[in-house]
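To start, the structure under review is shown below, and the notes come after it.
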Amino acid sequence: MNGTLNGSMNGDAIIKLRNIAKSYWRETLEIPVLQGIDFDIPKGGYYALMGPSGSGKTTLLNLIAGIDRPTGGSLEVCGYELNDLDDDELAAWRNAHVGFIFQNYNLIPVLTAFENVELPLLLTPMSRRERRERVEEVLALVNLEDRMLNYPRQLSGGQEQRVAIARAIVGDPDLLVADEPTGALDHQNAEEVLNLMARLNTDMGKTILVVTHDPKAAHHARFQIHLDKGVFDKTVEVNR
Amino acid sequence: MIILGLFGVVFLGYLAWLTWAAIAYPIPLSYNLRSLWQRKVATVSTAGAIALVVGIFVVVLSLAQGLSKAFVSSGRADQAIVMRSNAQFELNSSIDRGQVRILKVHPLVAKDATGPLVSAEVVVIKIFQKSDGADTNVTVRGLEPTGIRMRSQVKLTQGRWFRPGLSEVVVPRKMQLRFTGMELSRILKMGGRDWEVVGVFDGGGSSFDSEIWSDVVDIQQAYKRESFSSVLARLDTPERFKAFKASVDEDKRLKLDAVSEKAYFTELTKSGDPIRILGNLITLILTVGAIFAAMNTMYASVSGRTKEIGTLRAIGFRRREILASFQWESILLCGLGGIVGAFLALFANGIQTGTTSFQTFSDVSFAFTITPVLMLEGVAFSLVMGLVGGFFPAWRASRIPLAEAMKG
Ligand SMILES: Nc1ncnc2c1ncn2[C@@H]1O[C@H](COP(=O)(O)OP(=O)(O)OP(=O)(O)O)[C@@H](O)[C@H]1O
Ligand SMILES: [Mg+2]
C-alpha cells in the first residue's frame, strides 16, 4: 500500500497533501524531515498518525493544522490551499476550521475553565450572551459544567484535557488535531478522553487526526498511518 | 522639529491603534492583570521602581511650579519698580531723596486718600541661621506704610504691623518654620540694633514670604544708608506703564529706569532654573532606569510564557493581538506604579522649603503643592514609560515563530 488511501482521493477529502516536503536548515546544512508525502483524509475520518520518535509526526501535524509551512508541495485543508493564505488569513482559518488538543493541555493558567473555552469565540462576532451559552453547552458536553469557574491548577489532568477538548470544539471546527492527547494521563483518564474523542467523531462528525505512541489510543482510530523517517510506511485499517 | 513632530504622529497613531486593538479583538485585559498578579514579586518590584520615579517626577514638577508661583504672584502689572539705570536688581540699585521726591509727585502715579501710592524702599541682606543650623542670606526690606498696602497679597496673621522709629519687624509665617528665633516678641539682631518681632504675615506664596519687613527709615539709620534701593509706584491702569516708563527715562534729573513689577518678578523666576534643570536631569536618569526595569520584567514574562503565546496564536489570535496584549500588560504594570507614585508624592505636599536665589543670593522660600493635575501628569508619565518599556518585549512576543512557540 502506498500513501493513498481507499480511493479517498476525491472531492470529499478534507485534507489533501500533494508531494509535501519539509526541511529544516542548520546554517547551510539541509535537514529533510518530510519528503514527498501524498495523502488524503476524507471528511469525518478518524486517523492515528504513528511512528518512531523523530519520524516527523508533529511536523506533519503542524503543517496540516496551519501552524507551520511546508518547504515544498501543496496542501488543501478544509477547502483552502494553505500556501495561498498569508499569516493573518491562516490565523483566521485556524480559528474557524481547526481545534487543537495538546499533550500538556496548554490551558492558560490565569484563566478559568470558562474563560479558556471562551477564548476562540472572542475572535468571532458572537455576543457575550451567545458566547456564554455556547461555552456552557460544550462544557456540559465534556461533563464539566460544575467546574466552569475553576482555574486549571484546581483541576485534575483528565479534567484539564476535557477543558482543552471543549476549547477545541467550541468554535465548531471541521478538523480536530491532537498531539499525544493521552500522553500525560493515567489509564482511566486516557480512556475517558479517548471515548470523548470517539463520540466527537461519530456523533458530531468531526474529522480527527491524532498523533500517538499509545496503541490503545491508536486503536480508537479507524485508520493508522505509519510514518518512518519522513515517508509513509504503511496504512492499516483498524479491525473491530 | 520635524523629526519630533513625526515621532509624535507615530506615537499617537500607535496609541490609537492600541486602543482600537483592545476594543476590537481583545485578549481580555483581565488576562494581563492576572498574569501580573501571578508574578507578584517581579510586578511589585518593578511597579515600586516606577512608583518612586513617578513620585520624584511629580515632586520636581511641583517644585518648578512652586518657584514660579513665588515670583509670578509677587508682581502686579499696574505697579512699577523704579531703580537706578542698569541696576537690574534692587540690591544693586540706589536712589537718593531728591529722586524720590520727584517720583512722589509724578502725574501718572495713582493716589488714594492718604496721598500718592508710592513707597520708597531699602533692601539689605542679613545672615540668619536656619533650623538645621546652616547660615543663609535673608532679604530685609524697609518700606513705607503705603508699601504694605500696595502688596494686597500680603496679609497680617498675628500681632500688628511695625511702627516707624521703634525698631520693630514683621516676619513671614513661612519663614518661622525654617528659621529659629523668629517667634512673636523675640528679638532679632540686625545692623547693631535689637529688633522686636511684632507681627507675622502671610505672603500668599509670593516672594515676600522670604523677606523680613521693617520701617524704611529705621533700616536706613541702622545700616547708615542715605539712599533708597527702589521706589514702588502704583499707576492708575496697567496701560499707563508705558507712558510712565517713557517719562522716567526722559527725565534727565532722574537717571532711573522703570520696570513693571510683574516683569521684574518673572525675571527673578529664572533663579529657579539651576534646581529645575538638576531636578529634570535626575528625573531623566531615573526614568531611563525605570524604563529598562519595566523592559526587563516584560522580557522575562514573555520568555516564561512562550507556550501560552503559542497557544493563543494556534487558537487564531494574530501577531498584532499578541503585540497589543503584551503592550497593554506593560502599560498596566507601569500605570499601577504610576498611581502609587502619584500618591507617594502627596507626602511632599505642603512641605516648606527654600533655595538660594542665584540672582539676589538670598533665600527664597516656597511650598511644594501637589495638585490633582500634577498627579495625573505623573500617571500619564508612567503610562508612557509602560508604552516605551513594553514595546520591544511585546514586539518579540508577537514575532516568535508559531511552531517554535508551541514547543514552549
Ligand atoms: N525547529 C527545528 N529545527 C531543526 N530540526 C527540527 C526542528 N523541529 C523538528 N526538527 C527535527 O525534525 C524531526 C522530526 O521532528 P518531530 O517533532 O516532527 O518528530 P515526532 O515524530 O513528533 O517525534 P516525537 O514522537 O518524539 O514527538 C526530528 O529529527 C527533529 O529533530
Ligand atoms: Mg512529536
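The values are calculated or read from the model by the stated rules, or taken from the named source; none is laboratory data. Keep in mind the model is a prediction, meaning the values are calculated, not measured. Note that we place each Cβ from the backbone using ideal geometry, even for glycine, and neighbour counts take in every protein chain shown. Ligands, DNA and RNA are stripped out before the accessible areas are found, and what is left, the full protein with its side chains, is counted by its heavy atoms. Shrake-Rupley method; radii C 1.70, N 1.55, O 1.52, S 1.80 Å.
A few remarks follow.
- Among the residues of segment A:180-195, those that are hydrophobic (A, V, I, L, M, F, W, C) and away from ligand 2 (no atom under 14 Å from the Cβ) comprise A:185, A:190, A:193, A:194.
- Residue match in segment A:76-92 (condition: within 13 Å of another protein chain (Cβ to nearest Cβ), without any contact (Cβ under 8 Å) to a residue 40 or more places away in the chain, within 16 Å of ligand 2 (Cβ to nearest atom) and crowded, with 16+ Cβ neighbours inside 10 Å): no
- Under the condition of being more than 44 Å from the chain's Cα centre (by Cα), in a helix (DSSP H, G or I) and in contact (Cβ under 8 Å) with a residue 40 or more places away in the chain, the residues counted in segment B:300-323 number 9.
- Pairs are defined by a Cβ separation below 6 Å, a sequence spacing of at least 6 or placement on different chains, a first member in segment B:104-121 that is under 15 Å from residue B:231 (Cα atoms) and in a strand (DSSP E or B), and a second member that is open to solvent by 40 Å² or more (accessible area, probe 1.4 Å) and not hydrophobic (A, V, I, L, M, F, W, C); the pairs so defined are B:109/B:116; B:116/B:104; B:118/B:104.
- Only one of B:39, B:97 that is over 35 Å from the mean Cα position of the chain (by Cα), open to solvent by 50 Å² or more (accessible area, probe 1.4 Å) and more than 14 Å from chain A (Cβ to nearest Cβ): B:97
- Filtered residues of segment A:36-68 (kept if within 12 Å of ligand 1 (Cβ to nearest atom) and open to solvent by 50 Å² or more (accessible area, probe 1.4 Å)): A:52, A:53, A:54, A:58
- Residue list for segment B:383-401, restricted to those being within 14 Å of chain A (Cβ to nearest Cβ) and open to solvent by 10 Å² or more (accessible area, probe 1.4 Å): B:399, B:400, B:401
- Subset of segment A:196-226 [within 16 Å of ligand 2 (Cβ to nearest atom) and closer than 17 Å to residue A:185 by Cβ]: A:210, A:211, A:212, A:213, A:214, A:217, A:218
- Qualifying residue in segment A:157-168 (condition: touching an Asp or Glu at 6+ places or on another chain (Cβ under 8 Å), open to solvent by 30 Å² or more (accessible area, probe 1.4 Å), over 23 Å from residue A:124 (Cα atoms) and more than 13 Å from chain B (Cβ to nearest Cβ)): no
- Subset of segment B:159-193 (residues that are open to solvent by 70 Å² or more (accessible area, probe 1.4 Å) and either part of a loop (DSSP other than H, G, I, E, B) or of a type in the set (Ser, Thr, Tyr) (or both)): B:160, B:163, B:164, B:166, B:180, B:183, B:185, B:186, B:192
- In segment B:287-297, the condition of being open to solvent by 50 Å² or more (accessible area, probe 1.4 Å), away from chain A (no Cβ under 14 Å) and within 30 Å of residue B:366 (Cα to Cα) is met by at least one residue.
- Residues of segment A:93-108 that are polar (S, T, N, Q) and more than 10 Å from chain B (Cβ to nearest Cβ): A:103 alone.
- Test for residue B:27: is it open to solvent by less than 70 Å² (accessible area, probe 1.4 Å), touching a residue at least 12 places away in the same chain (Cβ under 8 Å) and within 14 Å of another protein chain (Cβ to nearest Cβ): yes
- Selection within segment A:220-232 - open to solvent by 10 Å² or more (accessible area, probe 1.4 Å), more than 11 Å from residue A:49 (Cβ to Cβ) and in contact with a strand residue (DSSP E or B) (Cβ under 8 Å, 6 or more places away or on another chain): A:220, A:222, A:231
- All positions within segment A:171-220 that are within 16 Å of ligand 1 (Cβ to nearest atom), assigned to a helix (DSSP H, G or I) and over 21 Å from residue A:143 (Cβ atoms): A:215, A:218
- Residue satisfying all of: in segment B:123-158; open to solvent by 50 Å² or more (accessible area, probe 1.4 Å) and β-branched (Val, Ile, Thr); nearest to residue B:262 (Cα to Cα) among these: B:125
- Residue among B:57, B:11 that is touching a helix residue (DSSP H, G or I) at 6+ places or on another chain (Cβ under 6 Å) and open to solvent by 20 Å² or more (accessible area, probe 1.4 Å): B:57
- Flag for residue B:225 being open to solvent by 60 Å² or more (accessible area, probe 1.4 Å), within 22 Å of residue B:90 (Cβ to Cβ), under 28 Å from the mean Cα position of the chain (by Cα) and modelled with pLDDT of 90 or more: no
- Selected residue [part of a loop (DSSP other than H, G, I, E, B), over 20 Å from residue B:240 (Cβ atoms) and β-branched (Val, Ile, Thr)] from B:27, B:50, B:23: B:27
- Residue match in segment B:71-87 (condition: surrounded by fewer than 18 Cβ atoms within 10 Å (Cβ to Cβ) and assigned to a helix (DSSP H, G or I)): yes
- With respect to (1) open to solvent by less than 50 Å² (accessible area, probe 1.4 Å); (2) within 16 Å of ligand 2 (Cβ to nearest atom); (3) away from chain B (no Cβ under 14 Å), the lone exception for residue A:177 is condition (3).
- The helices (runs of 4 or more DSSP H) located wholly in segment B:204-282 that include 3 or more residues which are under 30 Å from residue B:187 (Cα atoms) and not polar (S, T, N, Q) occupy B:216-222.
- Residue A:71 satisfies every condition listed in (1) more than 9 Å from chain B (Cβ to nearest Cβ); (2) more than 16 Å from ligand 1 (Cβ to nearest atom); (3) touching a Ser or Thr at 6+ places or on another chain (Cβ under 8 Å); (4) in contact (Cβ under 8 Å) with a residue 24 or more places away in the chain except (2).
- Residue identified as touching a residue at least 12 places away in the same chain (Cβ under 8 Å), out of contact with any Ser or Thr (no Cβ under 6 Å at 6 or more places or on another chain) and not assigned by TED's automatic domain parsing to the domain that holds residue B:210 among B:266, B:297: B:266
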